[in-house]
Structure formats: structure tokens, C-alpha cells
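A.B. asks: I have a structure here, written as C-alpha cells, and I will follow up with some questions on it.
The values are calculated or read from the model by the stated rules, or taken from the named source; none is laboratory data. If you're wondering where the values come from, they're calculated on a predicted model, not measured in any experiment. So basically every Cβ, Gly included, is an ideal-geometry build from the backbone, and we count neighbours across all protein chains shown.
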Amino acid sequence: MTPITIAELVVRGAQQLAAAGVDSPDFDTSSLLASTLNIELNKIPLVRNEPVTPTAERLFTQRLKRRMKREPLQYVLGEIEFYGLPFKCDKRAMVPRPETETLVAAARDAIRTLEVRPVIADLGTGTGIIAVALACALPNARVYATDVSAEALALARENVQRQGLAARVTLLPPGQYLEPLDSSGVAGEVEVVVANPPYVETAQLDQLQPEISQFEPRIALDGGGDGLDFYRHLLPQCSALPRLCLLVLEVGQGQAEAVASIIRRQFPSGQLQVIPDLAHIERVVLAII
Ligand code: SAM
Ligand code: GLN
């Protein structure tokens with residue numbers, strides 16, 4: 001029997017993913033195949049007539065089946081790139097979104113102009129992307145990363161270690177809001193608070209695509225009735241951080257004004273800025289305290 005070629009697998013895989021309702025069947029099939037064969041995605045067309053070994057074909061088929069059940073592509077690949085850095089990605093935490101790079105860039109630039117050391121707290125670190133990206137961008141930064149989920153913290157730890165940042169990025173024991181900073185005795189050091197909190201309205205959760213609603217941790221997404229619970233709980237607690245000078249929060253579409261007014265209530269003299277993402281959606285609220 002002649003072995004199957006890369007081109008044949010791409011066609012067959014894309015048909016199956018399309019039938020399963022996947023949005024980008026060609027891209028996903030090629031990504032799964034490239035990762036299985038350990039080649040770069042853009043090399044696929046160059047090797048399209050090459051045969052695939054039965055072992056690779058079997059592994060590819062297993063991964064394709066996971067994707068057909070609508071498991072997020074990045075969980076199946078086990079990897080994601082964020083801020084130009086590779087991260088391990090699996091069901092222990094939400095898949096990082098590209099718009100969160102807007103938050104990282106805004107925090108980075110503001111910290112540079114403020115000329116603080118800085119000591120940063122990344123609340124709800126998930127995969128650890130924000131903590132790691134800021135530590136990479138700011139060589140003097142010291143980062144405390146928190147999460148309510150012990151599983152997410154375990155994944156974040158792997159990502160911190162992978163980048164060799166364990167000396168500057170500390171994962172605190174699981175806890176909500178500022179509690180991990182308080183109980184570890186480091187709240188007094190924190191100058192910058194960054195967070196991409198859960199901000200989806202509870203009633204919308206089940207309407208999201210299956211990749212999100214059936215596979216990502218609910219605790220990473222559920223922002224309560226109007227999506228703003230996290231901000232409402234967090235902001236009053238922030239007044240107790242003696243050295244706080246910068247807050248950078250990601251928000252959902254249409255939430256920037258509401259979050260800005262929660263911040264203003266707590267910090268009336270803060271200087272606020274709303275920053276759009278690449279899709280021109282108001283995505284980040286930044287406050288210099
Ligand atoms: N920072 C990651 C990112 O940008 O991809 C993950 C963001 S995800 C939207 C929110 C994270 O906050 C989840 O990892 C979740 O477990 C965590 N979380 C939810 N409620 C929290 C709370 N009250 N205190 C601390 N972390 C919380
Ligand atoms: N951006 C995510 C979504 O649209 C939500 C992330 C969050 O709640 N922070 O599903």
C-alpha cells in the first residue's frame with residue numbers, strides 16, 4: 001500500500017474539521033500536521049508530496065479527533081505563542097488571547113515612563129503569560145503572580161521555569177484578589193497591579209463557541225451578572241496597597257467606561273486612559289494613581 005501524503009492528509013483533515021463546524025479548518029489542519037511532523041507551518045506546501053509514516057498519521061488522527069470535538073486548537077497543540085514567546089497551554093488555564101498583548105504593551109510602556117523599579121502583581125495569571133511577558137520586557141521587574149486556581153498556578157510555574165524567570169517571577173499560593181499578597185506579606189511592596197480578570201457576563205457563557213463554553217475553565221471567564229464582579233471586589237482592596245502607583249486592567253467590549261468609573265470612585269485623583277486593541281475595541285483601562 002502506498003503511504004498517504006501530506007497533501008492528502010491536509011485535504012482529508014480539513015474536510016473533517018469543516019464538517020465538525022470548526023471556523024478555520026485549513027489552518028487548524030495544517031497546524032496540527034506541522035506540529036505532529038515537527039516542521040514549521042509555512043513549510044507544509046514545500047513538502048506536500050512527501051509520504052507520512054503510519055506512526056505520524058496515527059498521532060495526527062488522534063489530534064484531529066480532539067479538534068473535531070471542538071477542543072481549542074492550542075490545547076491540542078499544547079503550545080501557544082504570546083508576545084513572541086512560547087508558552088505551554090492546556091486545559092488547566094484559559095487559552096491566552098492576542099488582545100492581551102495590548103495590556104502587556106500598555107503596562108510595559110507606562111512602567112518605563114514612571115521609572116519605578118517595578119514590583120508588579122499579576123492577578124489571575126492563568127498560563128502566566130502576562131507575568132512572564134512583563135518580566136521579559138522589564139529586566140528590573142519583580143513579579144508576583146496569583147490565581148484562585150491551583151491548577152493554573154501549576155501550569156504558570158512550568159512557563160516561568162521554561163523562560164528561566166523563577167528568580168524574578170514568584171507564584172504565590174492560590175487565593176482570591178489581593179489575599180495571596182497579604183498572606184505572603186508582600187502587599188506592601190506592590191507598585192503595579194495588572195490583571196486580565198474574568199469579565200464575561202454569566203448569561204453569555206453558554207452562548208459562546210463550544211471551544212470556550214465546553215473546554216475553558218469557567219472560573220477564568222465568568223464575571224458575574226454584568227461581567228464586572230472582579231473589578232468591583234478588587235478596586236476597594238487596592239486602596240490598602242501603600243505603594244500602588246499604576247493599575248492596568250483588561251476589560252470586555254463595552255465595559256471600559258463602567259470599569260473606569262469603578263476606578264474613579266476608589267481613586268478620584270487617578271489619571272485614567274482607555275487603550276484600544278488591534279481590532280479598535282476599548283480593551284485596557286490604565287490608571288496612574
Ligand atoms: N492572565 C491570563 C491571561 O491573560 O490569559 C488568564 C486570564 S483569565 C481571563 C482569568 C484568571 O483569573 C483565571 O486564571 C482564573 O482562574 C483567575 N481568577 C478568577 N477569579 C479570580 C479571583 N477572584 N482572584 C484571583 N484569580 C481569579
Ligand atoms: N476574551 C475572552 C472571551 O472573549 C474573555 C476573557 C476574559 O474573561 N478575560 O471569551
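A.B. asks: From the list 121, 110, 135, exactly one residue is buried (at least 19 other Cβ atoms within 10 Å of the Cβ), away from ligand 2 (no atom under 16 Å from the Cβ) and not in a helix (DSSP H, G or I). Which is it?
C.D. replies: Values: 110 fails: not in a helix (DSSP H, G or I); 135 fails: not in a helix (DSSP H, G or I).
Among 121, 110, 135, only 121 is buried (at least 19 other Cβ atoms within 10 Å of the Cβ), away from ligand 2 (no atom under 16 Å from the Cβ) and not in a helix (DSSP H, G or I).
A.B. asks: Could you say whether any residue in the range 209-229 is modelled with pLDDT of 95 or more, away from ligand 2 (no atom under 16 Å from the Cβ), assigned to a loop (DSSP other than H, G, I, E, B) and more than 30 Å from residue 77 (Cα to Cα)? Can you show your working first?
C.D. replies: Start the filter on the range 209-229 by keeping residues that are modelled with pLDDT of 95 or more, which leaves 209-229.
Filter again for away from ligand 2 (no atom under 16 Å from the Cβ), leaving none.
Within the range 209-229, none of the residues are modelled with pLDDT of 95 or more, away from ligand 2 (no atom under 16 Å from the Cβ), assigned to a loop (DSSP other than H, G, I, E, B) and more than 30 Å from residue 77 (Cα to Cα).
A.B. asks: Could you please give the count of residues in the range 63-87 that are assigned to a strand (DSSP E or B) and either surrounded by fewer than 18 Cβ atoms within 10 Å (Cβ to Cβ) or among the β-branched types (Val, Ile, Thr) (or both)?
C.D. replies: From the range 63-87, those assigned to a strand (DSSP E or B) are 79-82, 85-87; that's our starting set.
Okay, now just the ones that are also either surrounded by fewer than 18 Cβ atoms within 10 Å (Cβ to Cβ) or among the β-branched types (Val, Ile, Thr) (or both), so 79-81, 85-86.
Within the range 63-87, residues that are assigned to a strand (DSSP E or B) and either surrounded by fewer than 18 Cβ atoms within 10 Å (Cβ to Cβ) or among the β-branched types (Val, Ile, Thr) (or both) number 5.
A.B. asks: Just give me the residues in the range 147-175 being in contact with an Asp or Glu (Cβ under 9 Å, 6 or more places away or on another chain), free of Cβ contacts under 8 Å to residues at least 40 places away in the same chain and in a helix (DSSP H, G or I), in sequence order.
C.D. replies: If the condition is that a residue be in contact with an Asp or Glu (Cβ under 9 Å, 6 or more places away or on another chain), free of Cβ contacts under 8 Å to residues at least 40 places away in the same chain and in a helix (DSSP H, G or I), then 153 is the only one that fits.
A.B. asks: Related question: Is it the case that the range 141-156 has a residue that's at positive phi, at pLDDT 95 or above and not aromatic (Phe, Trp, Tyr)? Give the derivation first.
C.D. replies: So in the range 141-156, the residues at positive phi come out as none.
No, the range 141-156 contains no residue that is at positive phi, at pLDDT 95 or above and not aromatic (Phe, Trp, Tyr).
A.B. asks: Hey, can you tell me all the residues within the range 233-248 that are within 11 Å of ligand 1 (Cβ to nearest atom) and either under 24 Å from residue 101 (Cα atoms) or surrounded by 20 or more Cβ atoms within 10 Å (Cβ to Cβ) (or both)? Outline the logic, then answer.
C.D. replies: Of the residues in the range 233-248, the ones within 11 Å of ligand 1 (Cβ to nearest atom) are 233-234, 237.
Residue satisfying the conditions is 234 alone.
A.B. asks: Which ones in the range 176-207 are surrounded by fewer than 19 Cβ atoms within 10 Å (Cβ to Cβ), assigned to a loop (DSSP other than H, G, I, E, B) and in contact (Cβ under 8 Å) with a residue 12 or more places away in the chain? Walk me through it before giving the result.
C.D. replies: In the first step, residues of the range 176-207 are kept if they are surrounded by fewer than 19 Cβ atoms within 10 Å (Cβ to Cβ); the result is 176, 179, 182-186, 188-189, 201-207.
Then keep just the ones that are assigned to a loop (DSSP other than H, G, I, E, B); that gives 176, 184-186, 201.
Those that are surrounded by fewer than 19 Cβ atoms within 10 Å (Cβ to Cβ), assigned to a loop (DSSP other than H, G, I, E, B) and in contact (Cβ under 8 Å) with a residue 12 or more places away in the chain: 176, 184, 186, 201.
A.B. asks: Output the residue which, of all residues in the range 151-165 that are away from ligand 2 (no atom under 16 Å from the Cβ) and in contact with a Ser or Thr (Cβ under 7 Å, 6 or more places away or on another chain), is farthest from residue 95 (Cα to Cα). Lay out the reasoning, then the answer.
C.D. replies: Taking the range 151-165 first, the residues away from ligand 2 (no atom under 16 Å from the Cβ) are 151, 153-155, 157-165.
Among the residues that remain, those that are also in contact with a Ser or Thr (Cβ under 7 Å, 6 or more places away or on another chain) are: 155, 159.
Details: 155: 12, 159: 14 Å.
Filtering the range 151-165 for residues that are away from ligand 2 (no atom under 16 Å from the Cβ) and in contact with a Ser or Thr (Cβ under 7 Å, 6 or more places away or on another chain), the one farthest from residue 95 (Cα to Cα) comes out as 159.
A.B. asks: Taking the range 88-107 as the region of interest, how many residues are assigned to a loop (DSSP other than H, G, I, E, B) and either more than 11 Å from ligand 1 (Cβ to nearest atom) or on the phi > 0 side of the Ramachandran plot (or both)?
C.D. replies: Within the range 88-107, the subset assigned to a loop (DSSP other than H, G, I, E, B) is 89-99.
Filter once more, keeping what is either more than 11 Å from ligand 1 (Cβ to nearest atom) or on the phi > 0 side of the Ramachandran plot (or both): 90-91.
Residues meeting the conditions: 2.
A.B. asks: Then there's this: Looking at 242, 268, 236, which is the one that is closer than 25 Å to residue 148 by Cβ and not in a helix (DSSP H, G or I)? Quick ask: steps written out before the conclusion?
C.D. replies: Working: 268 fails: closer than 25 Å to residue 148 by Cβ; 236 fails: not in a helix (DSSP H, G or I).
After ruling out the rest, the residue left standing is 242.
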